[in-house]
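The values are calculated or read from the model by the stated rules, or taken from the named source; none is laboratory data. As the structure is a prediction and not an experimental result, all values here were calculated from the model. Please note: Cβ atoms are built from the backbone with ideal geometry, for glycine as well, and neighbour counts cover all protein chains shown. To get the accessible areas, we keep the full protein, side chains included, count just its heavy atoms, and leave off ligands, DNA and RNA. Shrake-Rupley method; radii C 1.70, N 1.55, O 1.52, S 1.80 Å.
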Amino acid sequence: MLHLASAHLEVNAPASTFESVNVGATADLVQASAEAQVKRFVHTSSVGIYGHVADPPAAENSPKSPGSLYERTKLAGEESALGLARSVGLDLVVLRPAWVYGPGCPRTAKLVRALNETRFFYVGAGENLRHPVHVDDMLDAYLLTLNAGPEVAGRAYNIAGPRFMPLREMVETFAQALGVPPPRRSIPRPIAWMAGFGAEITFGLARREPPFSRRSLAFFSNDNAFETTAARRDLGFVPRVDFEEGVKITLDRG
(Lines give C-alpha, C1' and ligand atoms only; values in the text may rest on other atoms or scores of the structure.)
Protein backbone atom coordinates (compact mmCIF):
# COMPACT_ATOMS: atom_id res chain seq x y z
CA MET A 1 0.00 0.00 0.00
CA LEU A 2 1.23 3.48 -0.90
CA HIS A 3 0.27 6.46 1.26
CA LEU A 4 0.86 9.80 -0.51
CA ALA A 5 -2.00 11.98 0.74
CA SER A 6 -1.15 15.11 2.71
CA ALA A 7 -2.04 18.72 3.36
CA HIS A 8 0.75 20.47 1.50
CA LEU A 9 0.32 23.59 -0.63
CA GLU A 10 -2.65 25.09 1.23
CA VAL A 11 -1.01 28.26 2.56
CA ASN A 12 -4.08 29.63 4.32
CA ALA A 13 -5.36 26.35 5.76
CA PRO A 14 -5.51 26.34 9.59
CA ALA A 15 -3.02 24.38 11.65
CA SER A 16 -5.76 21.91 12.53
CA THR A 17 -6.01 20.86 8.87
CA PHE A 18 -2.32 20.01 8.63
CA GLU A 19 -2.37 18.20 11.97
CA SER A 20 -5.51 16.19 11.22
CA VAL A 21 -4.36 15.13 7.74
CA ASN A 22 -0.59 14.74 8.11
CA VAL A 23 -0.62 13.27 11.61
CA GLY A 24 -4.07 12.07 12.69
CA ALA A 25 -5.28 10.60 9.41
CA THR A 26 -1.92 8.92 8.84
CA ALA A 27 -2.15 7.18 12.21
CA ASP A 28 -5.71 6.07 11.44
CA LEU A 29 -4.58 4.63 8.11
CA VAL A 30 -1.69 2.75 9.72
CA GLN A 31 -4.08 1.23 12.27
CA ALA A 32 -6.60 0.26 9.59
CA SER A 33 -3.84 -1.26 7.44
CA ALA A 34 -2.63 -3.39 10.33
CA GLU A 35 -6.16 -4.66 10.93
CA ALA A 36 -6.51 -5.43 7.21
CA GLN A 37 -3.18 -7.32 7.31
CA VAL A 38 -1.60 -5.14 4.63
CA LYS A 39 1.71 -6.75 3.61
CA ARG A 40 3.67 -3.50 3.28
CA PHE A 41 2.76 0.11 3.98
CA VAL A 42 4.91 2.73 2.22
CA HIS A 43 4.52 6.10 3.92
CA THR A 44 5.46 9.24 1.99
CA SER A 45 7.20 11.73 4.23
CA SER A 46 9.31 14.65 2.95
CA VAL A 47 12.89 15.92 2.98
CA GLY A 48 11.25 19.08 4.31
CA ILE A 49 11.65 17.55 7.77
CA TYR A 50 15.36 18.46 7.59
CA GLY A 51 14.61 22.14 6.99
CA HIS A 52 17.73 23.99 5.89
CA VAL A 53 20.55 21.45 5.50
CA ALA A 54 23.46 23.12 7.26
CA ASP A 55 25.97 20.40 6.33
CA PRO A 56 24.93 19.01 2.92
CA PRO A 57 24.25 16.40 1.82
CA ALA A 58 21.92 15.21 4.60
CA ALA A 59 21.72 11.50 5.43
CA GLU A 60 18.70 9.89 7.04
CA ASN A 61 20.10 10.43 10.55
CA SER A 62 21.05 14.09 9.98
CA PRO A 63 19.50 16.72 12.29
CA LYS A 64 15.87 17.57 11.65
CA SER A 65 14.92 21.24 11.67
CA PRO A 66 11.48 21.65 10.07
CA GLY A 67 10.48 25.27 9.64
CA SER A 68 6.96 25.44 8.22
CA LEU A 69 3.77 23.96 9.59
CA TYR A 70 3.78 21.48 6.71
CA GLU A 71 7.31 20.32 7.53
CA ARG A 72 6.62 20.04 11.27
CA THR A 73 3.47 17.97 10.75
CA LYS A 74 5.21 15.74 8.19
CA LEU A 75 7.89 14.96 10.79
CA ALA A 76 5.27 14.32 13.45
CA GLY A 77 3.31 12.12 11.03
CA GLU A 78 6.41 10.11 10.12
CA GLU A 79 7.35 9.55 13.75
CA SER A 80 3.78 8.61 14.64
CA ALA A 81 3.52 6.18 11.71
CA LEU A 82 6.80 4.43 12.57
CA GLY A 83 5.97 4.16 16.25
CA LEU A 84 2.45 2.88 15.70
CA ALA A 85 3.60 0.41 13.05
CA ARG A 86 6.07 -1.10 15.53
CA SER A 87 3.39 -1.45 18.18
CA VAL A 88 0.84 -3.12 15.89
CA GLY A 89 3.32 -5.23 13.92
CA LEU A 90 2.82 -3.52 10.54
CA ASP A 91 5.59 -3.72 7.92
CA LEU A 92 6.06 0.01 7.19
CA VAL A 93 8.76 1.84 5.21
CA VAL A 94 9.16 5.62 4.98
CA LEU A 95 10.27 7.42 1.82
CA ARG A 96 11.41 11.05 1.98
CA PRO A 97 11.18 12.50 -1.55
CA ALA A 98 13.26 15.52 -2.53
CA TRP A 99 11.92 18.13 -5.00
CA VAL A 100 9.84 15.96 -7.35
CA TYR A 101 9.33 17.49 -10.80
CA GLY A 102 7.79 16.35 -14.05
CA PRO A 103 4.67 16.47 -16.21
CA GLY A 104 1.49 16.98 -14.22
CA CYS A 105 3.28 18.56 -11.26
CA PRO A 106 1.67 21.91 -10.29
CA ARG A 107 4.94 23.31 -8.91
CA THR A 108 6.78 22.45 -12.12
CA ALA A 109 3.99 23.98 -14.21
CA LYS A 110 4.10 27.16 -12.10
CA LEU A 111 7.86 27.50 -12.67
CA VAL A 112 7.45 26.94 -16.43
CA ARG A 113 4.66 29.55 -16.65
CA ALA A 114 6.70 32.12 -14.75
CA LEU A 115 9.70 31.59 -17.05
CA ASN A 116 7.59 31.69 -20.23
CA GLU A 117 5.92 34.91 -19.11
CA THR A 118 9.25 36.40 -17.90
CA ARG A 119 7.76 36.79 -14.42
CA PHE A 120 10.33 34.70 -12.56
CA PHE A 121 12.66 36.46 -10.14
CA TYR A 122 15.13 35.21 -7.58
CA VAL A 123 14.95 35.97 -3.90
CA GLY A 124 18.56 36.46 -2.98
CA ALA A 125 21.42 35.20 -5.14
CA GLY A 126 19.91 31.89 -6.22
CA GLU A 127 22.95 29.96 -5.00
CA ASN A 128 21.16 27.72 -2.48
CA LEU A 129 21.18 24.02 -3.32
CA ARG A 130 18.22 22.11 -4.78
CA HIS A 131 18.02 18.35 -5.35
CA PRO A 132 15.42 17.53 -8.02
CA VAL A 133 14.16 14.01 -8.69
CA HIS A 134 12.13 13.20 -11.79
CA VAL A 135 8.69 11.67 -11.21
CA ASP A 136 9.69 8.56 -13.20
CA ASP A 137 12.52 7.90 -10.73
CA MET A 138 10.14 8.53 -7.84
CA LEU A 139 7.75 5.91 -9.20
CA ASP A 140 10.66 3.47 -9.49
CA ALA A 141 11.46 4.10 -5.83
CA TYR A 142 7.91 3.21 -4.80
CA LEU A 143 7.94 -0.02 -6.81
CA LEU A 144 11.35 -1.02 -5.45
CA THR A 145 10.18 -0.37 -1.90
CA LEU A 146 7.04 -2.44 -2.32
CA ASN A 147 9.14 -5.36 -3.52
CA ALA A 148 12.12 -5.07 -1.16
CA GLY A 149 12.80 -7.68 1.49
CA PRO A 150 11.54 -7.64 5.10
CA GLU A 151 14.83 -6.17 6.36
CA VAL A 152 13.78 -2.66 5.22
CA ALA A 153 10.69 -2.57 7.46
CA GLY A 154 10.78 0.24 10.00
CA ARG A 155 13.37 2.27 8.05
CA ALA A 156 13.31 5.66 6.32
CA TYR A 157 15.03 6.53 3.04
CA ASN A 158 15.89 9.72 1.18
CA ILE A 159 14.83 9.61 -2.48
CA ALA A 160 16.54 12.17 -4.71
CA GLY A 161 17.87 12.53 -8.24
CA PRO A 162 21.38 11.90 -9.58
CA ARG A 163 22.80 15.20 -8.33
CA PHE A 164 22.06 18.41 -6.48
CA MET A 165 22.81 21.85 -7.92
CA PRO A 166 22.46 25.59 -7.22
CA LEU A 167 18.93 26.90 -7.74
CA ARG A 168 20.18 29.23 -10.47
CA GLU A 169 21.51 26.28 -12.49
CA MET A 170 18.22 24.44 -12.09
CA VAL A 171 16.15 27.42 -13.24
CA GLU A 172 18.48 28.26 -16.15
CA THR A 173 18.27 24.65 -17.38
CA PHE A 174 14.49 25.06 -17.63
CA ALA A 175 14.89 28.44 -19.33
CA GLN A 176 17.31 27.06 -21.92
CA ALA A 177 15.00 24.14 -22.72
CA LEU A 178 12.09 26.57 -23.11
CA GLY A 179 14.13 28.86 -25.36
CA VAL A 180 13.60 31.90 -23.15
CA PRO A 181 16.21 34.23 -21.63
CA PRO A 182 17.48 33.18 -18.21
CA PRO A 183 15.98 35.33 -15.45
CA ARG A 184 18.22 38.02 -14.03
CA ARG A 185 15.94 39.88 -11.63
CA SER A 186 16.43 39.44 -7.91
CA ILE A 187 14.94 41.02 -4.80
CA PRO A 188 16.29 41.03 -1.23
CA ARG A 189 14.86 38.47 1.17
CA PRO A 190 13.42 41.02 3.66
CA ILE A 191 11.36 42.65 0.91
CA ALA A 192 10.18 39.23 -0.31
CA TRP A 193 9.18 38.30 3.25
CA MET A 194 7.03 41.42 3.58
CA ALA A 195 5.49 40.85 0.15
CA GLY A 196 4.68 37.26 1.03
CA PHE A 197 3.10 38.31 4.32
CA GLY A 198 0.97 40.87 2.54
CA ALA A 199 -0.12 38.36 -0.11
CA GLU A 200 -1.13 35.85 2.58
CA ILE A 201 -3.36 38.42 4.28
CA THR A 202 -4.89 39.82 1.09
CA PHE A 203 -5.64 36.49 -0.56
CA GLY A 204 -6.67 34.95 2.76
CA LEU A 205 -9.42 37.54 3.14
CA ALA A 206 -10.61 36.60 -0.34
CA ARG A 207 -10.42 32.88 0.57
CA ARG A 208 -7.91 32.27 -2.21
CA GLU A 209 -4.43 30.79 -2.24
CA PRO A 210 -1.73 33.47 -2.68
CA PRO A 211 0.64 33.23 -5.66
CA PHE A 212 3.55 33.86 -3.29
CA SER A 213 3.95 33.40 0.46
CA ARG A 214 6.55 33.44 3.21
CA ARG A 215 6.68 29.67 2.91
CA SER A 216 7.78 30.09 -0.72
CA LEU A 217 11.03 31.63 0.54
CA ALA A 218 12.35 28.19 1.52
CA PHE A 219 12.68 27.43 -2.20
CA PHE A 220 15.12 30.36 -2.47
CA SER A 221 16.93 30.09 0.86
CA ASN A 222 17.21 26.53 2.16
CA ASP A 223 20.02 24.25 1.05
CA ASN A 224 18.40 20.96 -0.02
CA ALA A 225 20.93 18.25 -0.81
CA PHE A 226 20.59 14.63 0.25
CA GLU A 227 22.55 11.43 0.58
CA THR A 228 20.85 8.44 -1.09
CA THR A 229 23.38 5.71 -0.30
CA ALA A 230 20.96 3.82 1.95
CA ALA A 231 18.25 3.70 -0.73
CA ARG A 232 20.79 2.47 -3.29
CA ARG A 233 22.08 -0.22 -0.93
CA ASP A 234 18.80 -1.49 0.56
CA LEU A 235 16.24 -0.80 -2.16
CA GLY A 236 18.38 -0.92 -5.28
CA PHE A 237 17.30 2.64 -6.10
CA VAL A 238 19.53 4.23 -8.73
CA PRO A 239 18.04 7.40 -10.28
CA ARG A 240 18.31 7.08 -14.06
CA VAL A 241 16.89 10.39 -15.30
CA ASP A 242 19.55 13.12 -15.31
CA PHE A 243 18.22 16.62 -14.88
CA GLU A 244 18.67 17.90 -18.44
CA GLU A 245 16.89 14.83 -19.82
CA GLY A 246 14.17 15.13 -17.18
CA VAL A 247 13.45 18.73 -18.12
CA LYS A 248 13.16 17.78 -21.79
CA ILE A 249 10.79 14.89 -20.95
CA THR A 250 8.72 17.20 -18.79
CA LEU A 251 8.30 19.82 -21.51
CA ASP A 252 7.69 17.25 -24.25
CA ARG A 253 4.90 15.60 -22.27
CA GLY A 254 3.35 18.94 -21.46
Which numbered condition in (1) within 14 Å of the chain's Cα centre (by Cα); (2) of a type in the set (Gly, Ala, Ser); (3) open to solvent by less than 30 Å² (accessible area, probe 1.4 Å); (4) more than 30 Å from Lys248 (Cβ to Cβ) is the only one that Gly67 fails?
(3)
Please go through segment 164-196 and give me each residue that is out of contact with any strand residue (DSSP E or B) (no Cβ under 9 Å at 6 or more places or on another chain) and farther than 24 Å from Glu117 by Cα, ordered by number.
Pro190
Taking the condition open to solvent by 30 Å² or more (accessible area, probe 1.4 Å), hydroxyl-bearing (Ser, Thr, Tyr) and either touching a His at 6+ places or on another chain (Cβ under 7 Å) or in contact (Cβ under 8 Å) with a residue 24 or more places away in the chain (or both), does Ser6 pass?
yes
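Among the listed residues Ala199, Ala195, identify the single one that is open to solvent by less than 40 Å² (accessible area, probe 1.4 Å) and assigned to a helix (DSSP H, G or I). It would help to see each step written out before you state the result.
Numbers: Ala195 fails: open to solvent by less than 40 Å² (accessible area, probe 1.4 Å).
Testing whether each residue is open to solvent by less than 40 Å² (accessible area, probe 1.4 Å) and assigned to a helix (DSSP H, G or I) leaves just Ala199.
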I'm trying to understand the selection: among the residues of segment 209-254, which are open to solvent by 40 Å² or more (accessible area, probe 1.4 Å), in contact (Cβ under 8 Å) with a residue 40 or more places away in the chain and not in a helix (DSSP H, G or I)?
Glu209, Glu227, Gly236, Arg240, Asp242, Gly254
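When the residues of segment 24-46 are filtered to those that are in a helix (DSSP H, G or I) and open to solvent by 40 Å² or more (accessible area, probe 1.4 Å), which remaining residue is farthest from Gly77 (Cα to Cα)? Even if it seems obvious, please write down each step before you answer.
In the first step, residues of segment 24-46 are kept if they are in a helix (DSSP H, G or I); the result is 24-35.
Filter again for open to solvent by 40 Å² or more (accessible area, probe 1.4 Å), leaving 25, 28-29, 31-32, 35.
Details: Ala25: 9, Asp28: 11, Leu29: 11, Gln31: 13, Ala32: 16, Glu35: 19 Å.
Among them, the one singled out is Glu35.
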Six or more apart or on different chains, Cβ atoms under 9 Å: show the pairs whose first residue is in segment 131-152 and within 24 Å of Gly89 (Cβ to Cβ) and whose second is polar (S, T, N, Q) and outside any helix (DSSP H, G or I).
Tyr142/Thr44
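Would you point out the residue of segment 83-110, among those that are under 30 Å from Ala34 (Cβ atoms) and within 15 Å of the chain's Cα centre (by Cα), that is most open to solvent (accessible area, probe 1.4 Å)? Step through it out loud before you land on a result.
The first filter runs over segment 83-110 and keeps only residues under 30 Å from Ala34 (Cβ atoms), leaving 83-98, 100.
Filter again for within 15 Å of the chain's Cα centre (by Cα), leaving 94-98, 100.
On the way: Val94: 0, Leu95: 0, Arg96: 14, Pro97: 15, Ala98: 11, Val100: 32 Å².
Per the stated criteria, the residue is Val100.
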For Pro182, all conditions in the list (1) of a type outside the set (Asp, Glu); (2) assigned to a loop (DSSP other than H, G, I, E, B); (3) closer than 28 Å to Thr145 by Cβ hold save one; what is the number of the exception?
(3)
Conditions (1) in a helix (DSSP H, G or I); (2) open to solvent by 50 Å² or more (accessible area, probe 1.4 Å); (3) of a type outside the set (D, E, K, R); (4) more than 28 Å from Ile201 (Cα to Cα) -> Ser16 fails only (4)
Select from segment 111-143 the residues that are in a strand (DSSP E or B) and under 16 Å from the mean Cα position of the chain (by Cα) and write down the one among them that is surrounded by the most Cβ atoms within 10 Å (Cβ to Cβ).
Val133
Out of curiosity, is Thr202 modelled with pLDDT of 85 or more and among the polar types (S, T, N, Q)?
no
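Is it the case that segment 74-92 has a residue that's modelled with pLDDT of 95 or more and assigned to a strand (DSSP E or B)? Spell out the reasoning first.
Initial filter on segment 74-92 (modelled with pLDDT of 95 or more): 74-92.
Now narrow it down to the ones that are assigned to a strand (DSSP E or B): 92.
Yes, segment 74-92 has at least one match.
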